[in-house]
Amino acid sequence: MRLIICFILPWLGFLTIKRPFAALICLILKITLIGWLPAMIWAIYALNQYKVEQKISKALKDKQ
């Protein structure tokens, strides 16, 4: 679901992963028509990094 949000409203994708400052920058970038594609790519990349961080922290908790 978050991936679809990142395609349609990239700035909202940042809010779902608790990064409000990045969401504001992304919203400003998305306002320009040319900036929409980089904003979408950035949001998808950030979402992927968020998922990796969650998996690592879960693995570390399980290991202890």
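The values are calculated or read from the model by the stated rules, or taken from the named source; none is laboratory data. In this text, all values refer to a predicted model and were calculated from it rather than measured experimentally. Heads up, the Cβs are rebuilt from the backbone with ideal geometry, glycines too, and the neighbour counts pull from every protein chain shown. Side chains included, ligands, DNA and RNA excluded: accessible areas come from the protein's heavy atoms. Shrake-Rupley method; radii C 1.70, N 1.55, O 1.52, S 1.80 Å.
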All positions within segment 1-12 that are touching a helix residue (DSSP H, G or I) at 6+ places or on another chain (Cβ under 7 Å) and at pLDDT below 90
R2, L3, I5, C6, F7, P10, W11
Among the residues of segment 22-48, which ones are free of Cβ contacts under 8 Å to residues at least 24 places away in the same chain, part of a helix (DSSP H, G or I) and open to solvent by 70 Å² or more (accessible area, probe 1.4 Å)?
L24, I25, I28, I31, L37, I41, Y45, N48
Counting only residues that are of a type in the set (F, W, Y) and free of Cβ contacts under 8 Å to residues at least 24 places away in the same chain, how many does segment 1-21 have?
1
